[in-house]
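The values are calculated or read from the model by the stated rules, or taken from the named source; none is laboratory data. Worth saying up front: this structure is predicted, and the values here are computed from it rather than measured. Please note: Cβ atoms are built from the backbone with ideal geometry, for glycine as well, and neighbour counts cover all protein chains shown. Just the protein is used for accessible areas: all its heavy atoms, side chains included, with ligands, DNA and RNA removed. Shrake-Rupley method; radii C 1.70, N 1.55, O 1.52, S 1.80 Å.
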Amino acid sequence: MEIRKSILRGSLLGALATPSAAFADWGINMPVGVTEISRSVFSLHMTIFWVCVAIAVVVFGVMFYSMFHHRKSRGAKSAHFHENTTVEVIWTVIPVAILVAMAVPSAATLIEMYDPSDAEIDVQVTGYQWKWKYDYLDEEISFFSNLSTPRDAIYNAEQKGQNYLLEVDNHLVVPVDTKIRFLLTANDVIHSWWVPDLAVKKDAIPGFINEAWTIIERPGIYRGQCTELCGKDHGYMPVVVEAVSKQDYAAWVAKTKAEASAKADLANKSWTLDELMTEGEQVYLKACAACHQPNGEGLPGAFPALKNSPIAVGDVAAHIDIVVNGKPGTAMQAYKDQLSAVEMAAVITYERNAWGNNTGEAVTPSQIADMSWDMDRLMAVGEEAYLKACAACHQPNGQGIPGAFPSLVGTDIVKGDIAAHIDIVVNGKAGSAMQAFKDQLSPEEIAAVVTYERNAWGNNVGDSVKPSTVASWNGGGK
Amino acid sequence: MSAADITAEHHDEHHDHGPAKGFTRWLYTTNHKDIGSMYLWFSLAMFLVGGCMALVIRAELFQPGLQLVEPGFFNQMTTMHGLIMVFGAVMPAFVGLANWMVPMMIGAPDMALPRMNNWSFWILPFAFGMLLLTLFMDGGAPNFGWTFYAPLSTTYAPPSVTFFIFAVHMMGISSIMGAINIVATILNMRAPGMTLMKMPLFVWTWLITAYLLIAVMPVLAGVVTMMLMDIHFGTSFFDAAGGGDPVLFQHVFWFFGHPEVYIMILPAFGIVSAIIPTFARKQLFGYASMVYATASIAFLSFIVWAHHMFTVGMPLAGELFFMFATMLIAVPTGVKVFNWIATMWRGSMTFETPMLFAIAFVILFTIGGLSGLMLAIAPADFQYHDTYFVVAHFHYVLVPGAIFSIMAAVYYWLPKWTGHQLNESAGKFHFWMSFIGVNITFFPMHFIGLAGMPRRIPDYALQFADFNAIATVGAFIFGFSQLIFVWNVIQNIRSGKKAEARCWEGAEGLEWEVPSPAPYHTFTTPPKFEGAK
């Protein structure tokens, strides 16, 4: 009792004497935070806290007085009263009054928190096992934010840093003095996104989009964590928000976009097995090792092993498919939204060659890119490209203009050898109006348009062309 | 002055009514005292098993970093600890106390449905045996928290979830049958003269608890059945990809879960309302208002469930409704606390072990209640939700709340059960070690929660280290001091000074009219209950 009371008293004195920012270091109270809402919440918290302390002092005071004075060893004789309606009414009415007094400011703050209107920036926050993804809806910026604390620090093999477990590779960068709306959802299980300094905590639920908002007043780095149990590594998915000035934010947006396009260019570079292995190991540790374990042996019964597994040493297409599209109904996620083509190629290559798997096979980024080009997508993009680049001559219905532009319905070029078809679109036909489209359309568009022509208007050849085939046409083709 | 007119010669008139010999006594028994004892032993065993799991959790949390267990196993420990403590320790302990005491308190010879009583108990060891065996299955035991939110507990669950669901169904059947039995006993078998408003408060609180159980255990059965369908039969109740709704799970679960919270505390109110008047040597203050407060709490428990879900993104109107309704609960709960203090006021108090536990209950439960009031404030709850502040709150109401009340009850009625006076020094040693341990364990959790430590994490940031270390020390003190309790109970069964029928000076009620130990059959003819309440 005494111990508890002295701890309590210590905390009360602390709360009284020091500005909260200072005693936040002691970690005994809620942070005041850096937003108007967080200050309202803090003040509600402190008010209700003091109300509770006052009630406790009165109630326990009476109780301890009674325990001391009304004890048999002091000769106390028991009284005989056992009812008093007046007293009962009084101690029913007083709590009701206190509660009403508390309910009013609480409701006011709550109503304010529920008003995300007039937001200037929308950020979609998506919870994944076990990382966060941030999409800046107005900027086309999108990235994942992973724990960056080294595994060795967690397993006590190296010194723990100051921000142990509260550090990530990519911060959520936002400007100060700007109303930011968060749209929260999840990809797998329920997560909850919490930053104490912003007083924002909202569940991220698959199939739902929740709203929250904040206006940060001070630049700084604000750290939080996932607060809904979301599986094995629930404790390892921190949230880090970096609030910067508006100018710095604009600069950050520009830089991040430039980096994103530079990264996209990497996909076109030719990768050696060694390069893929090096890159793949890093990706593996970041994205796969939590479940499949760093040694590839998985956790029996929960997460399958990759070492010598049919997936990792078997058919490469199946392996690519499971990484790209995931396995519905299991914890295996679709990585197509999480990793770039380069990263997926690298990690698949790594899995097929690490831990004695040694298939010797390298998977290229373009093979991964092909995965996303299924028939439906090729046909849809192909139709669009066709109408843009081909229909002027060959006509929207593919029938051409007799005598001027040949028909594409049921003719040799579209129903015959696919290589000749690709070649004529890529390189054109010298001496005719048929241009070389390699400089006008992207490899994806060419692949799509060829596929479209071979399957539209009742051609129904059934085959398709992948972008990587087109991309390498000039070098490797005829 | 309550009194009962007992005809002395009615006990053991028929020589064949003594307990059978050997193991079959326990297997086939329909005697409320035997079954009560089995419930209590079972609960004690589960309390120790669940406690060991808590110590694994606390040991891992002693320092930052992973030392003892992996995160996957840590989650299994938090899940199993919660399930076992709620369904295996607290609930069966209260049912055991009801079995022992309700018939004796109302002057009934036994429970109304003795064979069903036997079945209610014997389901439990199998249900928990199966639940514990999941620890050895491929993929491990349930690891999704005792609240088992979908889809973590469906699509993403280990295969053992099916066994968990079956175990929950069995526990539910056991609880429902136990509750029906208690209702039937109380409503039909009271001694002549014992009107409803003259029943001891423990009987009242159990009557209301039994109705809560009958109302909500089927809801729990429903929600786990929906999970089972999602996992094995292709439905999508909780799967957004199939048009289902993960939040629906939480609504259904907490519609069960919040009344469940009161199922675990109302009988405790009854126990404390029996013990405090005894040791204050003064009648309970405000009997009628205690009954009405209990009923109000039970009613309110059905309309506050979503305060467990303030962060799921409910509409504002829902948020406000559940905030106001939740705050209201403070009123009847406050009435109870005030009544207990008014009972103590100008009494003639002594502080034997049961009284110490009862007073600690009032103080520490009130602290838990006050933090509950803080949690009711929805905007502040956004900061408290799913942090150690919540862990501190519900452990304050469950450990020094429910568990202390059970210990108080055992110490209070143990002389009646065994016929031996209590070893007060061992009891007081147990009390003070538990009291100190429980506060060292759970008080610092308020601080780390406010400072931002989420619950259910195996590892934490460095600023939480000191208080976690303190909490772990407290947990081991609390855990190991329960061995004193076990030793004390066993010693009391084996030996001790002969206890009188009314072994506590101020004790009132029919149970004190029968000899100690209570004969195998009591009140084979109903006593005449004359006591004005």
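Here are the numbers for the structure shown:
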| item | result |
| --- | --- |
| Kirkwood-based Rg to Rh ratio, the protein assembly as shown, C-alpha trace | 1.07 |
| B:L68-A:K388 FRET efficiency (beta carbon distance; Förster radius 41 Å; 0.05 resolution) | 0.05 |
| Kirkwood Rh, Cα atoms: Rg over Rh of segment B:257-378 | 1.04 |
| Amide H within-cut-off set for A:V200, under 5 Å, with H built and near neighbours excluded | A:V195 |
| Segments B:423-434, A:71-82 sorted - mean Cβ within 10 Å per residue, highest first | B:423-434, A:71-82 |
| Distance from segment B:445-460 to segment B:40-69 (C-alpha centre basis), Å | 17 |
| Compactness of segment A:385-478 - radius of gyration and Dmax, Cα, Å | 12.2, 35 |
| Accessible surface buried upon A-B contact (total; probe 1.4 Å; Å², nearest 100) | 8600 |
| Debye, to nearest 20: dipole size of the protein assembly as shown, +1 on Lys, Arg Cβ, -1 on Asp, Glu Cβ | 3980 |
| Sequence-distant residues sharing a close amide H with B:R455 (under 5 Å, placed H) | B:T387, B:Y388 |
| FRET E, pair B:E500, B:S425, Förster distance 25 Å, beta-carbon r, rounded to 0.05 | 0.80 |
| Distant alpha-carbon pairs in segment B:44-86 (separation over 13 angstrom), percent | 49 |
| Pair A:E259, A:A289: separation of 7 Å Cα→Cβ label points (nm) | 2.1 |
| Pairs of alpha carbons in segment A:95-144 whose separation is greater than 15 Å (percent) | 66 |
| Acute angle (nearest 10 degrees) that the helix B:32-60 long axis makes with the longest principal axis of chain B, alpha-carbon atoms | 30 |
| √(5λ) per eigenvalue of the Cα gyration tensor, segment B:66-208, largest first, Å | 38, 14, 12 |
| In nm, spacing of pseudo-spin labels at A:E361 and B:Y211 (7 Å Cα→C-beta vector) | 6.8 |
| C-alpha center-to-center spacing [segment A:438-462, segment A:268-289] in angstrom | 32 |
| Value of Rg to Rh for chain B (Rh from inverse mean 1/r over Cα pairs, i.e. Kirkwood) | 0.96 |
| Surface share of carbon and sulfur [accessible, 1.4 angstrom probe, percent] for chain A | 57 |
| Descending semi-axes in whole angstrom, ellipsoid equivalent of segment B:229-304, from the Cα gyration tensor | 43, 12, 6 |
| Cβ-based net charge around B:Y28, under 12 Å, with every Lys or Arg adding one and every Asp or Glu removing one | +2 |
| Added length on full extension, which subtracts the Cα-Cα distance from 0.36 nm per residue, A:D417 to A:S472 | 18.0 nm |
| By accessible area with a 1.4 Å probe, ligands and nucleic acids excluded, highest first: order of B:W41, A:W193, A:W271, A:W50 | B:W41, A:W50, A:W271, A:W193 |
| Degrees, to the nearest 10: A:375-389 long Cα axis against longest axis of chain A | 60 |
| FRET efficiency estimate (nearest 0.05) - Cβ-Cβ, B:K21 to B:W487, R0 22 angstrom | 0.25 |
| 17 Å cut-off, amide nitrogen to a point 7 angstrom out along A:E217 Cα→Cβ, residues in segment A:45-63 | A:45-46 |
| Translational diffusion of segment B:429-474, µm² s⁻¹ [Kirkwood Rh, Cα pairs; Stokes-Einstein; 20 °C; 1.002 mPa s] | 193 |
| Principal-axis tilt of helix A:316-325 within chain A, Cα atoms, nearest 10 degrees | 40 |
| Kirkwood-type radius of chain A, with distances r between different C-alpha atoms, in Å | 27.9 |
| Size descriptor, Kirkwood hydrodynamic radius, that averages inverse alpha-carbon separations across segment A:304-393, Å | 14.5 |
